[in-house]
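The values are calculated or read from the model by the stated rules, or taken from the named source; none is laboratory data. This one's a predicted model, so the numbers in the text were calculated from it and none came from an experiment. Positions of Cβ are backbone-derived with ideal geometry, glycine not excepted, and every protein chain shown enters the neighbour counts. To get the accessible areas, we keep the full protein, side chains included, count just its heavy atoms, and leave off ligands, DNA and RNA. Shrake-Rupley method; radii C 1.70, N 1.55, O 1.52, S 1.80 Å.
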Amino acid sequence: MNRTERSRAGMGTLCVMLSALIFGVTPIMAKWTYAGGSNAVNLTLLRSLLALPVLLVLALRQPGGLRVGRYAALPLAAAGVLKGGTTILLYSSYDYVDVGMATTLHFVYPLAVAVLAWVFLRRRLDAKQAVGLALGLGGAALFALGADSVGLQGVALALISGVTYGGYMLLVECRLGRMPHFALSFYLEAVCVALSGGYGLATGNLTVSLTPAAWLYSFLLAIGITVCACVLLQVGIRYTGATRAALLSLLEPIASVASGVLFMGETLPAGKAAGCALILVSLLVSADWRR
């Protein structure tokens, strides 16, 4: 590896780590918006809506602009529904379990991708993935042991969010991978706006009666996650490769657990700590180191 390649690899590593830290810390802001009058559905809508103008400008600056292929509309809509549903589920889980625990449980999505690809695309589930799946399920079980009904609801919401996110990633890989990044992000967030807005109106969960701090945190979430973290991750993947980027992204649940303990006074009992460790080990075991 020459000097230029080492420099790019170092830059890519830094970008992925920064992306993971942003993803890991921002759930704390979600909890803070709840304290200011928001909720999971309302925050999902605001996070997507506030990011749309920025994504529109970025998309129009890319070659091709907002043009969509003839057969991309339906996959785009389906991916947007899965992405929006994932956000609502994950944000809803914060009402029942600590943000660090929820993020770690959500991080079963790489295993969900492997299982869904095996079920729907007949991709072979190799021995490492099978072992990783077993360890991940064991980690989830440790979270559930001893939890009351409220805690179990939060565990279920976070785990289901990992499955829906896995479905979203697989759909993007198979049907939408060639779309320009910012155009894809713009359309996905537009579908999220429609989904969360419609669901919020139907359930009465939408409100604009937020404190100034809640509005600020909502805006920071929109820019921090939808624009900054996603762009950093894209650059990191370009310079380090998808597999190394995925491994470095394991900083996300660790950062989420740490920020919950530091900023929210959340506790980390031994059983839950063991569950976190098992899920992280499951991802390391199932990763393809050959790529």
Practice prompt. Compute the separation of the alpha-carbon centres of region 65-116 and region 1-49 and state it in Å as a whole number.
Written response: 15
Fill in: Accessible area per residue, Å², the chain with all protein chains present, probe 1.4 Å
49
Practice prompt. Please quote Rg/Rh for the chain to two decimal places, taking the Kirkwood radius as Rh and restricting both calculations to Cα atoms.
Written response: 0.95
Worksheet item: At a 1.4 Å probe radius, carbon and sulfur cover how many percent of the accessible area of the chain?
Response: 67
Item to complete: Would you mind working out the magnitude of the charge dipole of region 87-168 relative to its Cα centre, with +1 at each Lys and Arg C-beta and -1 at each Asp and Glu C-beta, to the nearest 20 Debye?
Response: 520
Worksheet item: Mean separation of Cα pairs under 8 Å and 6+ residues apart, divided by the residue count of the chain: what relative contact order is that in percent?
Response: 44
Worksheet item: If you put +1 on each Lys and Arg Cβ and -1 on each Asp and Glu Cβ, how big is the dipole of the chain around its Cα centre, in Debye rounded to 20?
Response: 1200
Discussion item. Around V68, under 15 Å between beta carbons, what's the net of Lys plus Arg minus Asp minus Glu among the other residues?
Written reply: +3
Worksheet, complete the sentence: Computed on Cα atoms, Rg of region 56-149 relative to 2.2 N^0.38 Å comes out at 1.46
Worksheet item: If we sort 274-282, 56-64 on the protection proxy, mean other Cβ atoms within 10 Å, highest first, what's the order?
Response: 274-282, 56-64
Worksheet item: Stretched out fully, how many nm does the piece from L74 to A9 gain, at 0.36 nm a residue minus the Cα gap?
Response: 19.8 nm
Discussion item. What does the extension gain come out to for S209 and A134, with contour length at 0.36 nm per residue minus their alpha carbon separation?
Written reply: 22.5 nm
Fill in: Cα extents of region 34-83 along the three principal axes, largest first (Å)
42, 24, 8
Worksheet entry | With at most 13 other Cβ atoms within 10 Å, longest stretch of the chain clear of loop chymotrypsin sites (Phe, Trp or Tyr not before Pro) (DSSP) | 72-288
Worksheet, complete the sentence: So, relative contact order of region 28-149 in percent, Cα under 8 Å, 6 or more apart, is 22
Worksheet item: Put +1 on the Cβ of every Lys and Arg and -1 on every Asp and Glu Cβ in the chain; which of L201, M169, L137 then has its Cα farthest towards the positive end of the dipole?
Response: M169
Fill in: Calculated FRET value between L125 and A35, using beta carbons and R₀ = 45 Å, to 0.05
0.60
Practice prompt. Have a look at V99, L60, T44 and report the one farthest towards the positive end of the charge dipole of the chain, computed about the Cα centre with Cβ charges (Lys/Arg +1, Asp/Glu -1).
Written response: L60
